[in-house]
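For reference, the structure is listed below as structure tokens.
Quick note: the coordinates plus some simple rules give every number you see, no bench work behind them. These figures come from a predicted structure and were not determined experimentally. Cβ placement follows ideal geometry from the backbone for every residue including glycine, while neighbour counts extend to all protein chains displayed.
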Amino acid sequence: MRVAIEGIVHLIGLWDDFIYPLTFLKSEESSTIPLGVLTLFGEYVRGVEYAFCQFDDIIIAMICFQVIYRRTYVGGDKMGKRWISFDLDGTLMQNPFGTWVFPEIARVISSQLGREYDIVSEMVTEHERRMYQERYVEAYDWDDILVSRCDALSIEKKIDIESLVRKHSVIPKVNLLEGGILQMLEEIKKLGFSLAVVTNGFYKFQVPVMEALGLLEYFDEIVTPERAGTGKPDPAILQKLSGEVIAHVGDRLDHDIHLANRSHVTSILIERKLPEELLRLQPHMRANDHGMRMFCLEKWRRECKNPLLSELPELFMPRIVICSMGEFLSVLAKQEMG
């Protein structure tokens with residue numbers, strides 16, 4: 001009965017769209033599409049092919065209207081997305097810079113100079129100087145940093161860092177930091193979340209590693225400093241994600257937790273070496289524990305390279321602390337991030 005009633009109501013609407021123009025419009029030039037289609041049929045005429053052209057016009061017009069409406073008033077699919085963003089290095093994977101790329105740069109520069117030379121320490125010092133000045137994009141432009149050091153040494157830069165990264169982006173030189181990470185990402189996507197990488201590493205340095213480890217296909221967006229025009233912990237970097245960012249997961253207080261808290265996003269610290277007494281607590285309870293605050297204070301001192309820091313600012317304190325990505329999945333399932 002319900003289907004019959006809905007059919008009748010729908011038919012009345014269609015009939016009104018036909019009968020009113022037929023009654024009140026006096027010229028063929030002002031005919032609506034349904035009236036125009038009617039003229040293609042008669043006792044001796046069957047303009048089926050022309051009628052289908054008219055139907056195509058109707059369908060195309062409807063599609064165009066829908067696209068314009070979604071982009072103008074809804075903002076497309078992205079406006080409805082609920083994002084979970086992840087740091088990469090130290091959170092999901094280990095890149096080849098520390099163990100392979102930087103040592104090879106040091107060997108090449110030493111060979112050019114004809115003596116042992118610690119170019120890497122100088123590069124790291126320049127990186128830290130740029131970070132302190134909040135020049136976040138330049139701070140991770142390792143090519144530019146190397147050029148500046150080569151210029152200071154009056155030698156030519158003969159190293160393409162991207163090529164070195166690709167050369168060393170092979171297992172076991174790069175690796176995922178725990179088993180089951182790919183399956184965990186797949187499960188999160190099944191829960192309806194969109195996944196983004198928010199990293200301070202340049203795209204050209206991160207993607208080869210992600211490809212080698214099978215990570216790339218799981219992420220809808222990859223936000224990097226040179227693409228966003230800024231880096232962590234500047235909240236502007238998260239604004240590149242259209243929709244609602246639910247949480248950010250990372251391993252650093254100064255970059256990841258600081259970013260999430262400044263952005264009013266659930267901050268999730270992953271720390272795989274928690275003391276036993278903290279492991280016994282539930283993830284959402286750890287941040288409230290005095291022992292966790294002391295643990296984070298020591299961690300912050302190491303990140304800042306300042307052992308004299310006496311108090312951890314609230315902006316650097318995570319809301320949730322997990323010891324594995326598997327534990328993060330349980331947090332999501334229990335919806336403890338509300």
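What to note about this one:
- Reach of LYS189 by Cα under 23 Å, taken over lysines that are not fewer than 8 positions away in the same chain: LYS78, LYS81, LYS240, LYS334
- Inter-site label distance for MET285 and SER148 at 7 Å from Cα along Cβ, in nm: 4.8
- Ignoring lysines fewer than eight residues from LYS273 along the same chain, the ones with Cα atoms less than 20 angstrom from its Cα are LYS299, LYS305.
- One chain, two ends: ARG293 and LYS173. Fully extended at 0.36 nm per residue, the span grows by 39.8 nm beyond their Cα-Cα distance.
- The residues packed around THR91, meaning those with a beta-carbon under 11 Å from its beta-carbon, carry a net charge of -4 if Lys and Arg are +1 and Asp and Glu are -1.
- Global form of segment 136-292, assessed from the alpha-carbon gyration tensor, a/c cut-off 1.5: prolate
- Point-charge dipole on Cβ atoms (K/R +1, D/E -1) for segment 97-168, about Cα centre, debye to 20: 220
- Those GluC sites (Glu not before Pro) in segment 136-239 that DSSP places in a loop and that have at most 12 other beta carbons within 10 Å: GLU156
- Contact order normalised by residue count of segment 97-168, Cα under 8 Å, 6+ apart, percent: 30
- Extension gain, TYR132 to GLU226: 0.36 nm times the residue separation minus the Cα-Cα distance gives 32.1 nm.
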